[in-house]
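Asks: I have a structure here, written as structure tokens, and I will follow up with some questions on it.
Values in this text are rule-based calculations from the coordinates and carry no lab data. Here the structure is a predicted model, which means the values were calculated and not measured. Counting neighbours? That spans all protein chains shown, and the Cβs are built from the backbone with ideal geometry, glycine included.
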Amino acid sequence: MNPAAAPAAARPGPGRPSTGARERILEGALEVLKRDGYAGMTTAKVAAASGQNKALIAYHFGSKEGLVAAAAREVSAVLIAEVLEAVGEPRSAEELVRGLTTGVWRVMERDPGIQRIYFDLASQSVVEPEVNEIMAETKVGFRATLVELLRGIEDGPPPRKLEPCAVFLIAGMEGLALERLDRGETPELIGARRLFEAAAAAGIRG
């Protein structure tokens, strides 16, 4: 065997993107979305934030829409992971609802920009069909997660109410999160959170 052949075989082919480029581009996209929003996001800004070029962005994501879709999935994954960690293995409706609001609060305390991206894309989904499709995909995944959690608690709703309860929980958490982003942790918000937790638990129990 020619000893010079092994190193040559291990090298990537011509034009092959460097390892980690996709992750850096995605991190750059999240940074730009947090700072400038969807309307202000361009591939040039993402390239500058990530240290990668626009050709690599096109290689990995195809277009701005493909990059936004990946960013939305990443935001959704972060939110769901944080919520699931806070929820744990709830046995009651009360434990489930308190875990959900705690998880949302943790996300906003650690990185408020994640929620800002979520609401920015949600608002754009009204007028941008591509964004609407992306956000619908993320909500379907979160709703399915909530349905399984509701199915597992001892005082959960009957099967016909699983989906409505999941939708109600998402709507309530979105409202509380938006209020916190807008006005901060006010006494009124603290009271509203407690009211939501009590009302949601009672509604789930039926």
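Asks: Would you mind ranking TYR118, TYR38, TYR59 so that the residue whose beta carbon has the fewest other beta carbons within 10 Å leads the list?
Replies: On the way: TYR118 23, TYR38 19, TYR59 16.
Neighbour counts put them in this order, fewest first: TYR59, TYR38, TYR118.
Asks: Treating the beta-carbon of each Lys and Arg as +1 and of each Asp and Glu as -1, no other charges, what is the dipole magnitude of segment 18-62 about its Cα centre, to the nearest 20 debye? Please report the intermediate quantities before stating the final value.
Replies: Values: 6 positive and 4 negative charges, 13 e Å.
Its charge dipole is roughly 60 debye.
Asks: Taking 7 Å along the Cα-to-C-beta vector as the label spot, tell me the VAL126-GLU65 distance in nanometres, rounded to one decimal.
Replies: 2.1
Asks: Let me ask something else about it. Per DSSP helix of 4 or more residues, -39500 (n - 2.57); summed, then divided by the residues of the chain. What does that give at 222 nm, rounded to the nearest 500? Could the numbers behind the result be given before it?
Replies: Numbers: 10 runs with 158 residues, N = 206.
Result for the chain, helices only: -25500 deg cm²/dmol.
Asks: Still on this structure: Rounded to the nearest 20 Debye, what is the dipole magnitude of segment 80-164 about its Cα centre when Lys and Arg each give +1 and Asp and Glu each give -1 at the C-beta? Let's see the in-between values first.
Replies: Details: 10 positive and 16 negative charges, 46 e Å.
Charge dipole of segment 80-164: 220 debye, to the nearest 20.
Asks: Report the relative contact order of the chain, percent, no decimals, based on alpha-carbon pairs under 8 angstrom and at least 6 residues apart.
Replies: 19
Asks: Given R₀ = 35 Å, FRET efficiency for ALA48-LEU195 by Cβ-Cβ distance, to 0.05? Before the final figure, lay out the partial values.
Replies: Working: r = 45 Å, r/R0 = 1.28.
Once rounded, the FRET efficiency stands at 0.20.
Asks: Could you work out the local net charge near GLN124, counting Lys and Arg as +1, Asp and Glu as -1, over the other residues with Cβ closer than 14 Å to its Cβ? Can you show the working numbers first?
Replies: Values: positive: LYS64, ARG116; negative: ASP36, GLU65, ASP120, GLU128, GLU130, GLU133.
So the environment of GLN124 carries a net charge of -4.
Asks: All other residues with a Cβ under 11 Å from the Cβ of MET135 taken together, and with Lys, Arg as +1 and Asp, Glu as -1, what is their net charge? Before the final figure, lay out the partial values.
Replies: Details: positive: ARG73, LYS139; negative: ASP120, GLU128, GLU130, GLU133, GLU137.
In short, -3.
Asks: Where does helix 93-110 land angle-wise versus the long Cα axis of the chain, in degrees 0 to 90, nearest 10?
Replies: In the chain, helix 93-110 runs at an angle near 40 degrees to the longest axis.
Asks: Would you work out which of ALA81, LEU96, GLN124 lies farthest towards the positive end of the dipole of segment 68-205, given +1 charges on the beta-carbon of Lys and Arg and -1 on that of Asp and Glu, about the Cα centre?
Replies: LEU96
Asks: Assigning unit charges at the beta carbon (Lys, Arg +1; Asp, Glu -1) and nothing else, what dipole magnitude in debye, to the nearest 20, does the chain show about its Cα centre? Kindly include the intermediate steps, with their values, before the conclusion.
Replies: Numbers: 25 positive and 28 negative charges, 110 e Å.
Charge dipole, the chain, about its Cα centre: 520 debye, nearest 20.
Asks: On a full-extension model of 0.36 nm per residue, what is the gain between GLU109 and GLU85, subtracting their alpha-carbon distance, rounded to one decimal in nm? Can you show the working numbers first?
Replies: On the way: separation 24, 0.36 × 24 = 8.64 nm, distance 1.50 nm.
Contour length minus Cα-Cα distance gives 7.1 nm.
Asks: Say each of GLU174 and ARG73 gets a label point 7 Å from the Cα, pointing the same way as Cα to Cβ; how far apart are those two points in nm?
Replies: Each label point is offset 7 Å from its Cα along the Cβ direction, giving 2.2 nm.
Asks: Compute the distance from the alpha-carbon center of segment 88-146 to that of segment 47-85, in whole Å.
Replies: 17
Asks: Could you name the lysines in cross-link range of LYS54, using Cα to Cα under 19 Å and dropping any fewer than eight places away on the same chain?
Replies: Hits, sequence-local ones excluded: LYS45, LYS64.
Asks: Once you treat every alpha carbon in segment 97-191 as an equal point and sum by Debye, what is log10 I(q)/I(0) at q = 0.22, 0.24 Å⁻¹?
Replies: Per q value, in the given order, log10 I(q)/I(0) is -1.21, -1.29.
Asks: Given the alpha-carbon gyration tensor of segment 18-62, what are the semi-axes of its equivalent ellipsoid in whole angstrom, ordered largest first, with each equal to the square root of 5 times an eigenvalue?
Replies: Details: eigenvalues 57, 21, 13 Å².
Equivalent-ellipsoid dimensions as semi-axes: 17, 10, 8 Å.
Asks: Another one. For the pair ARG160/ASP36, report the inter-label distance in nm, with labels modelled 7 Å from Cα in the Cβ direction.
Replies: If labels sit at ARG160 and ASP36, their model points lie 5.2 nm apart.
Asks: Need one number for segment 122-163: average projected area of the convex hull over its C-alpha atoms, nm².
Replies: Working: hull surface 13.6 nm².
In nm², the orientation-averaged hull projection of segment 122-163 is 3.4.
Asks: Another one. So what is log10(I(q)/I(0)) for the chain at q = 0.10, 0.13 1/Å, when the Debye sum runs over its Cα atoms only?
Replies: -0.53, -0.78
Asks: Once Lys and Arg get +1 and Asp and Glu get -1 on their Cβ, which of ALA29, ALA201, LEU146 lies farthest toward the positive end of the dipole of the chain?
Replies: ALA29
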